[in-house]
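Chemist: Quick one: this structure, given as C-alpha coordinates, is what I'll be asking you about.
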Amino acid sequence: MAHLESDFLKVSNEKGVGWIRLHRPEVLNALNRQMVADLVGLLESFDRDENIRAILLTGGPKAFAAGADIGEMAQATSVEMLHLDPFADWDRIRHISKPIVAAVSGYALGGGCELAMACDLILASESAKFGQPEINIGVMPGAGGTQRLTRAVGKARAMEMVLTGKPITAQEALQAGLVNRVIPVEKLEEEAMKLAEELASKPPVALRLAKQAVLKAAEVGLEEGLDYEQKLFYFLFSTEDQKEGMQAFSEKRRPLFRGR
Ligand code: DAK
(Lines give C-alpha, C1' and ligand atoms only; values in the text may rest on other atoms or scores of the structure.)
Protein backbone atom coordinates (compact mmCIF):
# COMPACT_ATOMS: atom_id res chain seq x y z
CA MET A 1 0.00 0.00 0.00
CA ALA A 2 1.44 3.39 -1.03
CA HIS A 3 1.58 6.12 1.60
CA LEU A 4 1.37 9.85 1.10
CA GLU A 5 4.58 11.77 0.47
CA SER A 6 5.00 15.10 2.21
CA ASP A 7 7.40 18.06 2.16
CA PHE A 8 7.60 18.02 5.94
CA LEU A 9 7.63 14.32 6.75
CA LYS A 10 9.99 11.48 5.94
CA VAL A 11 8.38 8.11 5.79
CA SER A 12 9.53 4.49 5.78
CA ASN A 13 8.04 1.13 6.46
CA GLU A 14 9.97 -1.92 7.63
CA LYS A 15 9.38 -4.98 9.80
CA GLY A 16 5.74 -4.09 10.39
CA VAL A 17 6.62 -0.60 11.66
CA GLY A 18 5.51 2.56 9.89
CA TRP A 19 8.10 5.22 10.63
CA ILE A 20 7.35 8.95 10.36
CA ARG A 21 10.03 11.56 10.90
CA LEU A 22 8.98 15.21 11.36
CA HIS A 23 11.28 17.12 9.05
CA ARG A 24 11.23 20.90 9.07
CA PRO A 25 14.60 21.40 10.75
CA GLU A 26 15.07 25.07 9.85
CA VAL A 27 12.29 25.98 12.32
CA LEU A 28 12.88 23.15 14.82
CA ASN A 29 10.00 21.15 13.31
CA ALA A 30 7.43 23.85 14.12
CA LEU A 31 4.13 22.27 13.17
CA ASN A 32 2.31 24.24 10.50
CA ARG A 33 -1.18 23.29 9.37
CA GLN A 34 -0.01 21.47 6.26
CA MET A 35 2.42 19.40 8.29
CA VAL A 36 -0.24 18.39 10.82
CA ALA A 37 -2.72 17.57 8.02
CA ASP A 38 -0.06 15.44 6.27
CA LEU A 39 0.89 13.75 9.53
CA VAL A 40 -2.69 12.87 10.40
CA GLY A 41 -3.38 11.64 6.86
CA LEU A 42 -0.34 9.44 7.07
CA LEU A 43 -1.21 8.06 10.50
CA GLU A 44 -4.66 7.17 9.19
CA SER A 45 -3.20 5.54 6.11
CA PHE A 46 -0.83 3.47 8.32
CA ASP A 47 -3.82 2.57 10.45
CA ARG A 48 -5.57 1.09 7.39
CA ASP A 49 -2.50 -0.80 6.14
CA GLU A 50 -2.54 -4.43 7.31
CA ASN A 51 1.22 -4.72 6.89
CA ILE A 52 1.82 -2.03 9.48
CA ARG A 53 1.25 -3.05 13.07
CA ALA A 54 2.93 -0.26 15.02
CA ILE A 55 3.92 3.33 14.32
CA LEU A 56 7.08 5.19 15.25
CA LEU A 57 7.15 9.00 15.31
CA THR A 58 10.46 10.83 15.59
CA GLY A 59 11.85 14.32 15.02
CA GLY A 60 15.41 15.51 14.65
CA PRO A 61 18.34 15.65 17.07
CA LYS A 62 17.67 19.26 18.13
CA ALA A 63 13.90 19.12 18.20
CA PHE A 64 11.07 16.65 18.16
CA ALA A 65 8.90 19.74 17.57
CA ALA A 66 9.15 23.24 19.09
CA GLY A 67 5.39 23.72 18.93
CA ALA A 68 2.75 24.84 16.50
CA ASP A 69 4.01 27.36 13.95
CA ILE A 70 3.77 30.68 15.76
CA GLY A 71 4.08 32.73 12.55
CA GLU A 72 1.03 31.01 11.10
CA MET A 73 -1.11 31.79 14.15
CA ALA A 74 0.18 35.23 15.05
CA GLN A 75 -2.39 37.38 13.22
CA ALA A 76 -5.44 35.12 13.57
CA THR A 77 -8.62 36.34 15.28
CA SER A 78 -10.82 34.15 17.50
CA VAL A 79 -13.54 34.13 14.88
CA GLU A 80 -11.10 33.00 12.18
CA MET A 81 -9.85 30.26 14.49
CA LEU A 82 -13.43 29.16 15.16
CA HIS A 83 -14.52 29.14 11.50
CA LEU A 84 -11.36 27.69 10.04
CA ASP A 85 -10.94 25.23 12.88
CA PRO A 86 -7.34 24.85 11.73
CA PHE A 87 -6.63 22.36 14.47
CA ALA A 88 -9.45 19.90 13.79
CA ASP A 89 -6.86 17.51 12.39
CA TRP A 90 -5.19 17.19 15.79
CA ASP A 91 -8.26 15.57 17.21
CA ARG A 92 -8.11 12.73 14.71
CA ILE A 93 -4.85 11.48 16.23
CA ARG A 94 -6.65 10.00 19.21
CA HIS A 95 -8.65 7.75 16.89
CA ILE A 96 -5.58 5.95 15.55
CA SER A 97 -6.01 2.38 16.70
CA LYS A 98 -2.43 1.10 16.30
CA PRO A 99 0.13 1.87 18.99
CA ILE A 100 2.28 4.93 18.36
CA VAL A 101 5.74 5.23 19.91
CA ALA A 102 7.18 8.76 20.08
CA ALA A 103 10.98 9.03 20.20
CA VAL A 104 11.86 12.50 21.48
CA SER A 105 15.23 14.24 21.28
CA GLY A 106 15.67 17.93 22.01
CA TYR A 107 12.68 20.25 22.26
CA ALA A 108 9.15 18.93 22.63
CA LEU A 109 7.39 22.19 23.39
CA GLY A 110 3.79 23.37 23.16
CA GLY A 111 2.15 21.43 20.35
CA GLY A 112 5.31 19.29 20.18
CA CYS A 113 4.83 18.13 23.76
CA GLU A 114 1.11 17.67 23.08
CA LEU A 115 1.86 15.59 20.01
CA ALA A 116 4.21 13.35 21.99
CA MET A 117 1.54 12.96 24.68
CA ALA A 118 -1.03 11.98 22.05
CA CYS A 119 1.22 8.99 21.31
CA ASP A 120 1.02 5.84 23.43
CA LEU A 121 4.59 5.45 24.62
CA ILE A 122 7.33 8.07 24.82
CA LEU A 123 11.02 7.29 24.72
CA ALA A 124 13.14 10.34 25.50
CA SER A 125 16.80 10.89 24.78
CA GLU A 126 18.93 12.50 27.48
CA SER A 127 18.67 15.80 25.58
CA ALA A 128 14.87 15.92 25.55
CA LYS A 129 13.04 18.90 27.04
CA PHE A 130 9.29 18.82 27.55
CA GLY A 131 7.32 21.99 28.13
CA GLN A 132 4.16 24.00 27.59
CA PRO A 133 5.52 27.52 27.04
CA GLU A 134 2.34 28.95 25.47
CA ILE A 135 1.83 31.25 28.46
CA ASN A 136 4.92 33.18 27.36
CA ILE A 137 3.31 34.10 24.02
CA GLY A 138 -0.02 35.17 25.48
CA VAL A 139 -2.03 31.97 25.16
CA MET A 140 -2.33 28.57 26.84
CA PRO A 141 -2.11 24.95 25.66
CA GLY A 142 -4.89 24.01 23.25
CA ALA A 143 -4.19 20.46 22.12
CA GLY A 144 -4.20 18.51 25.35
CA GLY A 145 -1.50 20.30 27.34
CA THR A 146 -3.75 21.02 30.30
CA GLN A 147 -5.52 17.66 30.16
CA ARG A 148 -3.13 14.90 29.08
CA LEU A 149 -0.20 16.51 30.92
CA THR A 150 -2.18 16.76 34.16
CA ARG A 151 -3.26 13.14 33.88
CA ALA A 152 0.33 12.08 33.22
CA VAL A 153 2.27 14.10 35.81
CA GLY A 154 -0.38 15.22 38.31
CA LYS A 155 -1.76 18.64 39.16
CA ALA A 156 1.24 20.11 40.97
CA ARG A 157 3.77 19.63 38.22
CA ALA A 158 1.33 20.31 35.38
CA MET A 159 0.23 23.55 37.00
CA GLU A 160 3.84 24.68 37.35
CA MET A 161 4.72 23.77 33.76
CA VAL A 162 1.62 25.39 32.27
CA LEU A 163 1.70 28.56 34.40
CA THR A 164 5.45 29.23 34.28
CA GLY A 165 6.09 27.82 30.82
CA LYS A 166 9.36 26.29 32.06
CA PRO A 167 10.34 23.00 30.45
CA ILE A 168 11.41 19.89 32.32
CA THR A 169 14.34 17.62 31.49
CA ALA A 170 14.13 14.04 30.30
CA GLN A 171 15.06 12.76 33.78
CA GLU A 172 12.37 14.93 35.40
CA ALA A 173 9.88 13.70 32.81
CA LEU A 174 10.80 10.12 33.70
CA GLN A 175 10.37 10.72 37.42
CA ALA A 176 7.05 12.42 36.78
CA GLY A 177 5.72 9.53 34.70
CA LEU A 178 5.52 11.44 31.43
CA VAL A 179 7.96 9.20 29.55
CA ASN A 180 8.66 5.49 29.55
CA ARG A 181 12.45 5.55 29.37
CA VAL A 182 15.44 7.84 29.00
CA ILE A 183 18.05 6.69 26.49
CA PRO A 184 21.45 8.05 25.38
CA VAL A 185 20.97 10.33 22.36
CA GLU A 186 22.86 8.11 19.92
CA LYS A 187 20.82 5.02 20.90
CA LEU A 188 17.36 6.60 20.89
CA GLU A 189 16.15 5.65 17.43
CA GLU A 190 17.57 2.13 17.61
CA GLU A 191 15.83 1.50 20.95
CA ALA A 192 12.59 3.11 19.77
CA MET A 193 12.61 0.94 16.65
CA LYS A 194 13.22 -2.17 18.80
CA LEU A 195 10.22 -1.26 20.95
CA ALA A 196 8.03 -0.59 17.91
CA GLU A 197 9.11 -3.90 16.35
CA GLU A 198 8.27 -5.69 19.57
CA LEU A 199 4.77 -4.16 19.49
CA ALA A 200 4.46 -5.11 15.82
CA SER A 201 5.04 -8.77 16.75
CA LYS A 202 2.01 -8.87 19.10
CA PRO A 203 -1.48 -10.02 18.09
CA PRO A 204 -2.90 -6.94 16.33
CA VAL A 205 -6.50 -7.18 17.50
CA ALA A 206 -5.53 -7.65 21.15
CA LEU A 207 -3.00 -4.82 20.78
CA ARG A 208 -5.64 -2.47 19.45
CA LEU A 209 -8.22 -3.31 22.10
CA ALA A 210 -5.65 -3.17 24.91
CA LYS A 211 -4.66 0.33 23.77
CA GLN A 212 -8.33 1.38 23.72
CA ALA A 213 -8.90 0.00 27.19
CA VAL A 214 -5.89 1.78 28.73
CA LEU A 215 -6.99 5.08 27.12
CA LYS A 216 -10.49 4.53 28.47
CA ALA A 217 -9.12 4.61 32.01
CA ALA A 218 -8.47 8.34 31.61
CA GLU A 219 -12.06 9.00 30.63
CA VAL A 220 -14.42 6.96 32.80
CA GLY A 221 -14.91 5.82 36.39
CA LEU A 222 -13.55 2.48 37.65
CA GLU A 223 -16.76 0.50 37.35
CA GLU A 224 -17.42 1.56 33.77
CA GLY A 225 -13.77 1.02 32.90
CA LEU A 226 -13.70 -2.51 34.36
CA ASP A 227 -16.90 -3.36 32.54
CA TYR A 228 -15.44 -2.08 29.26
CA GLU A 229 -12.24 -4.07 29.84
CA GLN A 230 -14.17 -7.29 30.51
CA LYS A 231 -16.21 -6.97 27.33
CA LEU A 232 -13.10 -6.45 25.21
CA PHE A 233 -11.47 -9.41 26.95
CA TYR A 234 -14.42 -11.69 26.13
CA PHE A 235 -14.44 -10.42 22.54
CA LEU A 236 -10.84 -11.55 22.05
CA PHE A 237 -12.00 -15.17 22.46
CA SER A 238 -13.60 -14.84 19.04
CA THR A 239 -10.20 -14.24 17.39
CA GLU A 240 -7.95 -16.84 15.76
CA ASP A 241 -5.02 -15.14 17.45
CA GLN A 242 -6.35 -16.04 20.90
CA LYS A 243 -6.56 -19.73 19.88
CA GLU A 244 -3.13 -19.57 18.27
CA GLY A 245 -1.55 -17.74 21.23
CA MET A 246 -2.81 -20.21 23.82
CA GLN A 247 -2.13 -23.26 21.65
CA ALA A 248 1.41 -22.09 20.92
CA PHE A 249 1.97 -21.68 24.65
CA SER A 250 0.87 -25.30 25.29
CA GLU A 251 3.02 -26.58 22.41
CA LYS A 252 6.01 -24.52 23.63
CA ARG A 253 6.48 -22.76 20.30
CA ARG A 254 6.34 -19.17 19.10
CA PRO A 255 2.84 -18.05 18.10
CA LEU A 256 2.12 -16.84 14.60
CA PHE A 257 -0.35 -13.99 14.86
CA ARG A 258 -2.36 -13.08 11.77
CA GLY A 259 -4.58 -10.30 13.07
CA ARG A 260 -7.75 -12.36 12.78
N1 DAK B 1 7.03 28.42 15.46
C2 DAK B 1 7.68 29.00 14.42
N3 DAK B 1 9.02 29.07 14.34
C4 DAK B 1 9.74 28.55 15.35
C5 DAK B 1 9.14 27.92 16.45
C6 DAK B 1 7.70 27.86 16.49
N7 DAK B 1 7.02 27.25 17.48
N8 DAK B 1 10.13 27.51 17.29
C9 DAK B 1 11.30 27.84 16.71
N10 DAK B 1 11.08 28.47 15.54
C11 DAK B 1 12.08 29.00 14.61
C12 DAK B 1 12.73 30.28 15.12
O13 DAK B 1 11.91 31.39 14.84
C14 DAK B 1 14.02 30.28 14.33
O15 DAK B 1 13.77 30.71 13.03
P16 DAK B 1 14.75 31.78 12.30
O17 DAK B 1 14.79 32.94 13.22
O18 DAK B 1 16.06 31.05 12.21
O19 DAK B 1 14.09 32.04 10.99
C20 DAK B 1 14.38 28.80 14.25
O21 DAK B 1 13.17 28.09 14.51
C22 DAK B 1 15.39 28.38 15.30
O23 DAK B 1 14.91 28.81 16.57
P24 DAK B 1 15.77 29.70 17.59
O25 DAK B 1 16.74 30.55 16.88
O26 DAK B 1 14.79 30.35 18.52
O27 DAK B 1 16.57 28.53 18.35
P28 DAK B 1 17.11 28.54 19.84
O29 DAK B 1 17.93 27.32 19.95
O30 DAK B 1 17.71 29.86 20.20
O31 DAK B 1 15.79 28.39 20.76
C32 DAK B 1 13.63 27.38 21.40
C33 DAK B 1 15.02 27.18 20.69
C34 DAK B 1 12.82 26.13 21.15
C35 DAK B 1 13.83 27.60 22.87
C36 DAK B 1 12.94 28.64 20.77
O37 DAK B 1 12.94 28.51 19.33
C38 DAK B 1 11.52 28.80 21.20
O39 DAK B 1 11.23 29.28 22.31
N40 DAK B 1 10.56 28.44 20.33
C41 DAK B 1 9.14 28.65 20.55
C42 DAK B 1 8.61 27.62 21.51
C43 DAK B 1 7.13 27.83 21.78
O44 DAK B 1 6.69 28.89 22.30
N45 DAK B 1 6.30 26.82 21.45
C46 DAK B 1 4.87 26.89 21.63
C47 DAK B 1 4.17 27.46 20.41
S48 DAK B 1 2.41 27.58 20.60
C49 DAK B 1 -4.04 23.46 19.14
C50 DAK B 1 -3.00 22.70 18.69
C51 DAK B 1 -1.69 23.08 18.97
C52 DAK B 1 -1.43 24.25 19.62
C53 DAK B 1 -2.46 25.02 20.08
C54 DAK B 1 -3.78 24.63 19.83
N55 DAK B 1 -5.40 23.06 18.91
C56 DAK B 1 -5.68 21.71 18.46
C57 DAK B 1 -6.50 23.90 19.30
C58 DAK B 1 -0.02 24.59 19.88
C59 DAK B 1 0.42 25.81 20.21
C60 DAK B 1 1.88 26.00 20.35
O61 DAK B 1 2.65 25.08 20.25
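Chemist: Is region 173-181 home to any residue that is of a type outside the set (Phe, Trp, Tyr), open to solvent by 20 Å² or more (accessible area, probe 1.4 Å) and touching a Phe, Trp or Tyr at 6+ places or on another chain (Cβ under 8 Å)?
Modeler: no
Chemist: Something else: Within the group Ala66, Ala30, Ala37, Ala76, which residue is free of Cβ contacts under 8 Å to residues at least 60 places away in the same chain, within 14 Å of the ligand (Cβ to nearest atom) and open to solvent by less than 20 Å² (accessible area, probe 1.4 Å)?
Modeler: Only one candidate passes the filter, namely Ala30.
Chemist: Then there's this: Filter region 238-260 down to the residues that are among the aromatic types (Phe, Trp, Tyr) and over 23 Å from Arg48 (Cα atoms) and list them by number.
Modeler: Residues of region 238-260 that are among the aromatic types (Phe, Trp, Tyr), as a first pass: 249, 257.
Phe249 - this is the single residue of region 238-260 that is among the aromatic types (Phe, Trp, Tyr) and over 23 Å from Arg48 (Cα atoms).
Chemist: OK, next. Could you give every pair whose Cβ atoms fall below 9 Å, whose first residue belongs to region 131-149 and is over 21 Å from Asp85 (Cβ atoms), and whose second residue is within 7 Å of the ligand (Cβ to nearest atom) and open to solvent by 70 Å² or more (accessible area, probe 1.4 Å), counting only separations of at least 6 or pairs across chains?
Modeler: Within 9 Å, the pairs are Gly131/Tyr107.
Chemist: Let me ask you something else. Given the criteria more than 10 Å from the ligand (Cβ to nearest atom), touching a Cys at 6+ places or on another chain (Cβ under 6 Å), part of a strand (DSSP E or B) and modelled with pLDDT of 95 or more, does Ala102 qualify?
Modeler: Against the criterion (more than 10 Å from the ligand (Cβ to nearest atom), touching a Cys at 6+ places or on another chain (Cβ under 6 Å), part of a strand (DSSP E or B) and modelled with pLDDT of 95 or more), Ala102 qualifies.
Chemist: Can you say whether Ala108 is part of a strand (DSSP E or B), within 19 Å of Met35 (Cβ to Cβ) and not β-branched (Val, Ile, Thr), as far as the supplied structure shows?
Modeler: yes
Chemist: So Ala200 passes all but one of these: (1) open to solvent by less than 30 Å² (accessible area, probe 1.4 Å); (2) closer than 14 Å to Ile122 by Cα; (3) among the small types (Gly, Ala, Ser). Which condition number does it fail?
Modeler: (2)
Chemist: Which of the residues that make up region 4-27 are more than 15 Å from the chain's Cα centre (by Cα) and either hydrophobic (A, V, I, L, M, F, W, C) or crowded, with 20+ Cβ neighbours inside 10 Å (or both)?
Modeler: Scanning region 4-27 gives Leu4, Phe8, Leu9, Val11, Arg24, Val27.
Chemist: Answer with yes or no whether Ala54 is touching a Pro at 6+ places or on another chain (Cβ under 7 Å), open to solvent by less than 10 Å² (accessible area, probe 1.4 Å) and more than 15 Å from the ligand (Cβ to nearest atom). Give the derivation first.
Modeler: Working: touching a Pro at 6+ places or on another chain (Cβ under 7 Å): yes; open to solvent by less than 10 Å² (accessible area, probe 1.4 Å): yes; more than 15 Å from the ligand (Cβ to nearest atom): yes.
Considered against the rule, which asks whether it is touching a Pro at 6+ places or on another chain (Cβ under 7 Å), open to solvent by less than 10 Å² (accessible area, probe 1.4 Å) and more than 15 Å from the ligand (Cβ to nearest atom), Ala54 comes out as yes.
Chemist: Can you pull out every residue in region 86-99 that is within 13 Å of the ligand (Cβ to nearest atom) and among the hydrophobic types (A, V, I, L, M, F, W, C)?
Modeler: Phe87, Ala88, Trp90, Ile93
Chemist: Additional query: If you take the residues of region 125-166 that are among the hydroxyl-bearing types (Ser, Thr, Tyr) and not in a helix (DSSP H, G or I), which of them is farthest from the ligand (Cβ to nearest atom)? Reasoning before the result, please.
Modeler: In the first step, residues of region 125-166 are kept if they are among the hydroxyl-bearing types (Ser, Thr, Tyr); the result is 125, 127, 146, 150, 164.
Restricting the remaining residues to those that are not in a helix (DSSP H, G or I) gives 125, 127, 146.
Details: Ser125: 16, Ser127: 12, Thr146: 11 Å.
The selected residue is Ser125.
The values are calculated or read from the model by the stated rules, or taken from the named source; none is laboratory data. Worth saying up front: this structure is predicted, and the values here are computed from it rather than measured. Methodologically, a virtual Cβ is constructed for each residue, glycine included, from the backbone with ideal geometry; neighbour enumeration extends over all protein chains shown. Remember, those area values only see protein heavy atoms, side chains included, never the ligands or the DNA or RNA. Shrake-Rupley method; radii C 1.70, N 1.55, O 1.52, S 1.80 Å.
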